[in-house]
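Here's the structure we're looking at; comments come further down.
Coordinate-derived values only; no laboratory data. Keep in mind that what you see is a predicted model, and the values were worked out from it rather than measured. Counting neighbours? That spans all protein chains shown, and the Cβs are built from the backbone with ideal geometry, glycine included.
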Amino acid sequence: MVKNESRFFLVAEDILPESIVKTVQAREMLSKGEAMTVVEAVEKVNLSRSAFYKYKDKVFPFYRWHSGMTVTLSMLLEHRSGILSMVLGSLAGAGGNVLTINQSIPMHGLASVTVSFETNEIELSLEEIMARIRELDGVREVKPVGLNP
């Protein structure tokens, strides 16, 4: 019998069962030292230990990267001078090293842009980086589309 390889999916948090989300929260508490034991962490997030142990080795936040990983973001930007430059500046300011930039021809005043960057020097989470980019004037949408070791 051939062992099945694991398949991986990128799924939005809001459609995940509560126990999976709470498992990630408990793991983060343990890694940050906000909880010293599994019992303490699961109590703080109101999760059973059995659910924690069921999912703990199978679910990870998307932004959990390590040095040398490559992240790809897809963005929808208004077609105005300087917006892509501000996005790239935000990534550089966070410590990201941009590897590739792909931009479509603007249509109806909007351009689709894909940026891949290395995480060697980044200490922020992916959510924090995307939030910074979303706050920039002219950025309509930011989504993660890839993470490569």
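Working out 0.36 nm times the residue gap between Thr70 and Lys56, then minus their Cα-Cα distance, what length gain in nm do you get to one decimal? Spell out each step's value before the answer.
Numbers: separation 14, 0.36 × 14 = 5.04 nm, distance 2.41 nm.
Additional length available on full extension: 2.6 nm.
Can you give me the distance in nm between label points at Val39 and Val145, each placed 7 Å from the Cα along the Cα-to-Cβ direction?
If labels sit at Val39 and Val145, their model points lie 4.8 nm apart.
Label points 7 Å out from Cα along the Cβ direction at Ser19 and Gln103: separation in nm?
4.8
Roughly how tilted is helix 18-32, in degrees to the nearest 10 and between 0 and 90, from the longest Cα axis of the chain?
Roughly 90 degrees between the two axes.
By how many nm would the segment from Glu135 to Glu123 grow when fully extended, if each residue of separation counts as 0.36 nm and the alpha-carbon distance is taken off? Spell out each step's value before the answer.
Working: separation 12, 0.36 × 12 = 4.32 nm, distance 1.90 nm.
Contour length minus the Cα-Cα distance gives 2.4 nm.
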